[in-house]
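See below for the structure under consideration.
No lab work stands behind these numbers, since they all come straight from the coordinates. What you see is a predicted model; the values in this text were computed from it and never measured. Cβ placement follows ideal geometry from the backbone for every residue including glycine, while neighbour counts extend to all protein chains displayed.
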Number of protein chains: 2
Amino acid sequence: MKITKLSNIISLKRQLEGGNEEQLKTVRQVLLDVRENGDAAISKYSQMWDGVQLDNFRVAQTEIDDALLNFDPQLKKDLEEAAANIRYYHEAQKRDGYKLPLDNGSWLAQRIIPLDAVGLYVPGGLAAYPSSVLMNVIPAQVAGVQRIVITSPAGKDGKLPDAVLVAASILGVNEIYKVGGAQAIAALAYGTETIAPVDKITGPGNIYVALAKREVFGEVAIDMIAGPSEIAVLADDTAYADEIAADLLSQAEHDALACAVLITTSEQLAEDVAAEVERQLSSLPKETIARQSIENFGQIYIAENLEQAIGAVNSLAPEHLEIVTANAEEDSLKIRHAGAIFIGRYSSEPVGDYFAGTNHVLPTNSTARFASGLNVDDFIKRSSVVYYSEKTWEENAPKIARLARMEGLEGHARAVESRGWTKGGN
Amino acid sequence: MKITKLSNIISLKRQLEGGNEEQLKTVRQVLLDVRENGDAAISKYSQMWDGVQLDNFRVAQTEIDDALLNFDPQLKKDLEEAAANIRYYHEAQKRDGYKLPLDNGSWLAQRIIPLDAVGLYVPGGLAAYPSSVLMNVIPAQVAGVQRIVITSPAGKDGKLPDAVLVAASILGVNEIYKVGGAQAIAALAYGTETIAPVDKITGPGNIYVALAKREVFGEVAIDMIAGPSEIAVLADDTAYADEIAADLLSQAEHDALACAVLITTSEQLAEDVAAEVERQLSSLPKETIARQSIENFGQIYIAENLEQAIGAVNSLAPEHLEIVTANAEEDSLKIRHAGAIFIGRYSSEPVGDYFAGTNHVLPTNSTARFASGLNVDDFIKRSSVVYYSEKTWEENAPKIARLARMEGLEGHARAVESRGWTKGGN
């Protein structure tokens with residue numbers, strides 16, 4: 001891993017794959033086809049791309065029951081405990097609207113209303129991601145969303161992974177479809193004979209899924225388009241090099257485009273971590289991916305002092321930040337931009353990926369400057385409410401009419417003035 | 001105005017202008033040019049499109065002082081009162097993070113942090129929009145944003161409208177630039193020698209501004225891309241036709257693509273409103289625009305009963321909803337999808353555009369199904385924080401490692417397991 005002295009400006013930003021014209025053309029074709037031909041189009045593309053022919057996209061209760069039967073009971077307990085922790089953390093985000101009294105019986109209010117229906121895309125492929133199910137579904141449930149749909153591509157055997165079905169079952173979600181790719185996003189956005197449309201689509205996916213989400217954005221809401229994972233570690237000489245190296249590699253193994261950075265005030269730690277990363281890499285199952293990430297985007301910066309190091313972290317605005325310093329909690333209060341912060345040596349980043357309760361859907365590519373991790377507010381919307389009594393109207397109508405006329409909107413002024421005392425109230 | 005019986009599905013959605021290829025090409029060229037050439041590019045485009053040559057883009061304090069001197073004191077008082085009302089409503093949206101204790105000294109937290117810097121685009125042209133200044137700036141101020149920038153195209157005289165400068169001055173905003181169009185968005189997103197970049201850009205604009213906002217999205221945050229205005233009125237036979245007609249026209253005068261809809265249980269009201277709209281149209285200064293809107297998108301629906309009418313409103317998900325019925329507040333509780341709700345005959349929609357305190361930046365084109373009006377949360381972000389003590393780590397590390405291995409992420413498991421008792425804590 002490269003070691004350099006920290007200069008003023010550093011950045012995590014990588015040139016990300018935005019999809020090429022050919023891929024976009026394909027996605028648009030799929031979206032149009034599903035919009036026009038519904039289930040028939042879904043069948044066609046499932047066969048074409050996932051190599052499965054399904055009579056029924058919806059996962060049957062018997063399939064869920066089978067998955068529960070097959071599943072390691074210890075892992076199920078682990079998932080249940082993780083789910084409870086995630087629920088505990090997200091419950092604290094729930095909130096009520098408010099009603100503010102004005103004079104003369106008038107009032108203003110804000111009402112918080114959960115979305116009617118949301119869809120979670122769970123990627124398929126070689127691995128199963130039950131943690132994605134927990135992280136996306138639980139905030140929606142806490143928000144009060146009534147209909148939660150999961151969609152994920154079936155394997156060659158026409159099934160979804162047991163782990164995904166078990167995670168869904170733990171959460172009480174049973175509307176699950178074996179549909180993947182852009183056709184799944186189309187189904188969620190437009191609806192088909194089998195799949196009713198939703199109001200928001202969340203969850204990660206490949207480039208086709210990402211492009212499809214961008215295309216349907218506006219028709220429905222989407223979550224952020226997640227980029228490759230990032231970790232920044234801020235450490236001083238109280239940190240252990242093997243632990244820091246292991247944490248850097250935990251993100252590097254996600255993606256060759258992932259980015260792992262150490263910023264430290266200790267030259268000794270910098271050298272030890274570089275050596276440890278090399279040592280640990282050689283035995284990592286995902287060595288190839290992790291090595292690419294470390295070689296292309298990994299970096300160790302030596303800071304002159306903690307202030308400079310903290311400044312650098314804020315300029316990075318990393319997705320994940322670990323702080324392993326003598327006064328880690330205190331130092332964390334100076335961090336303005338980070339998706340998730342892990343304090344002290346025992347708060348290894350994967351603790352938050354799976355279990356602690358915080359969300360693992362987090363802003364990447366420096367968007368933590370302005371964006372947040374997935375949370376309950378992503379599944380609600382707000383309506384403002386105005387009630388003006390006759391008296392309040394009478395007092396304020398001339399002011400409102402003046403303001404409207406100043407902006408050249410005579411119709412607005414007349415609307416406010418149209419309420420007449422002489423007609424009597426109702 | 002057309003009157004029809006309400007059938008099951010109605011929609012406000014119009015085919016909206018998304019900008020053509022030529023416009024997009026222009027916008028991309030401007031963005032690139034400003035990114036590379038900074039102020040020089042800004043000057044070039046300001047001269048090219050706004051026809052003004054400016055030595056200094058930044059509004060001088062003397063210009064603000066002059067505006068205050070020239071401005072009608074009554075209108076200034078009206079703006080100040082509106083600002084105070086808007087602040088009162090939005091203050092209630094402010095909230096703190098939280099810290100949740102876990103066993104063994106561990107804890108989780110959510111921290112709420114305001115954005116560092118935001119930019120508000122205020123459109124120029126024939127009219128001045130001080131209300132936009134209030135509606136965009138105040139939520140950002142309540143959120144705690146330290147740097148708020150306003151940018152707006154200068155008139156041929158090289159100046160901004162007094163009303164805009166006065167509104168900014170009332171709010172204490174003095175970083176104001178005389179830059180408009182796509183070049184303004186580029187300056188806010190990338191920064192130039194004169195204008196430091198911001199983290200989020202809000203505010204309406206023409207098609208070039210909208211396209212530029214879409215293009216820089218990801219680099220910075222943006223607010224929604226606002227569509228043409230909409231109003232739905234839900235009324236029974238207690239409503240006055242002239243008032244309803246005036247309110248429908250107040251939205252129709254905004255834009256030929258604006259949409260004004262009445263849904264009523266009263267056939268008599270339907271007929272009276274249609275006649276009133278025609279009568280009032282003929283004397284409206286913006287008659288041409290309003291007439292186009294009413295003819296193309298205006299509609300009166302007669303519902304069989306209130307239930308059906310409320311169902312229709314929810315399927316519309318209108319930006320603005322007025323409820324003028326015998327039990328308007330009670331009926332409003334059945335509304336799930338509307339940007340802003342106005343209750344009773346004295347809560348004419350322009351009350352909320354200018355004065356009541358609620359925000360007038362609202363979701364259009366049925367996006368109220370999943371989106372909210374501009375609010376304080378649009379100017380903050382959240383960081384999650386995890387602190388695990390040694391004991392909590394010890395108890396949970398095996399579970400976390402199992403979950404990671406289930407997903408094929410050995411590096412994650414090893415990271416969590418790397419913490420050793422034998423090394424001793426710190």
Compactness index (Cα Rg / 2.2 N^0.38 Å), the range B:59-128: 1.90
Shielding of A:370-377 by partner chains, average beta-carbon count, 10 Å: 5
Taking the convex hull of Cα positions in the range A:112-219, its mean projected area over all directions (nm²): 6.6 nm²
Around B:PHE57: net Lys/Arg minus Asp/Glu count, Cβ-Cβ under 13 Å: -2
Rel. contact order, % - alpha carbon contacts under 8 angstrom, at least six apart, chain B: 21 percent
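When you look at the Cβ of every residue in A:227-238, what mean number of other chain Cβ atoms sits within 10 Å?
The mean count of partner-chain Cβ atoms within 10 Å per residue comes to 0.
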The range B:140-217: GluC sites (Glu not before Pro) in DSSP loop, at most 11 other beta carbons within 10 Å: B:GLU193
Qualifying trypsin sites (Lys or Arg not before Pro) for the range B:94-167 [loop in DSSP, other Cβ within 10 Å: at most 13]: B:ARG95, B:LYS156
Student exercise, the protein assembly as shown dipole from Lys, Arg, Asp, Glu Cβ charges, in Debye to nearest 20: 200 debye
Rg(Cα) / (2.2 N^0.38 Å) computed for the range A:21-222, rounded to two decimals: 1.13
The protein assembly as shown - convex hull of alpha carbons, volume per residue in Å³: 162 Å³
Separation of the A:ARG405 and A:ILE3 label points, Cα + 7 Å toward Cβ, nm: 7.5 nm
Point-to-point label distance, A:ARG147-B:ARG58, nm (Cα→Cβ direction, 7 Å offset): 5.4 nm
Antiparallel DSSP beta bridges within the protein assembly as shown, as percent of all bridges there, nearest 5: 25 percent
Reach of B:LYS156 by Cα under 17 Å, taken over aspartates and glutamates that are not fewer than 8 positions away in the same chain: B:ASP50, B:ASP55, B:GLU63
Mean residue ellipticity (222 nm) of the protein assembly as shown, computed from DSSP H runs ≥ 4 via -39,500 (n - 2.57), nearest 500: -13000 deg cm²/dmol
Alpha-carbon spread of chain A, three principal axes, descending order, Å: 87, 60, 45
Neighbour-count order for B:ASP237, B:ASP377, A:ASP55, B:ASP103, fewest beta carbons within 10 angstrom listed first: A:ASP55, B:ASP103, B:ASP237, B:ASP377
Mean separation of Cα contacts under 8 Å (6+ apart) over length of the range B:21-222, as relative contact order %: 29 percent
Residues A:LYS94 and A:ASN37, FRET efficiency given R0 of 60 Å [Cβ-Cβ distance, rounded to 0.05]: 0.90
Top positive-direction residue, dipole computed over the range B:294-426 with Cβ charges, set B:VAL361, B:GLY339, B:SER384: B:SER384
FRET efficiency for B:MET48 and B:ASP103, using Cβ-Cβ distance with R0 set to 56 Å, rounded to 0.05: 0.30
Fraction of antiparallel bridges per DSSP, chain B only, in percent to nearest 5: 25 percent
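Sequence gap at least 6, Cα distance under 8 Å: using those rules, report the relative contact order of the range A:80-189 to the nearest whole percent.
26 percent
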Copy-to-copy label separations for B:GLY144, where each label sits 7 Å from Cα toward Cβ, in nm and ascending: 2.7
Shortest-first distances to equivalent copies, position B:LEU32, nm, label 7 Å out along Cβ: 2.7
Separation in nanometres of the label points that stand 7 Å from Cα toward Cβ, at A:GLN29 and A:ASP65: 4.2 nm
The range B:316-389 versus the range A:292-321: alpha-carbon centroid distance in Å: 41 Å
Label 7 Å beyond Cα on the Cβ vector: A:GLN268 copy-to-copy distances, nm: 9.2
Descending semi-axes in Å of the range B:163-255, equivalent ellipsoid built from Cα gyration tensor: 36, 17, 11
Set of the range A:244-269 residues, backbone N closer than 17 Å to the point 7 Å along the Cα-Cβ line of A:ASN305: A:264-267
For peptides A:178-187, B:253-262, B:58-67, A:289-298, sequence by mean Cβ density within 10 Å, most packed first: A:178-187, B:253-262, A:289-298, B:58-67
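Sort A:267-273, A:312-318 for me by packing, meaning the mean count of neighbouring Cβ atoms within 10 Å per residue, highest on top.
A:312-318, A:267-273
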Number of partner chain Cβ atoms within 10 Å, mean per residue of A:327-334: 2
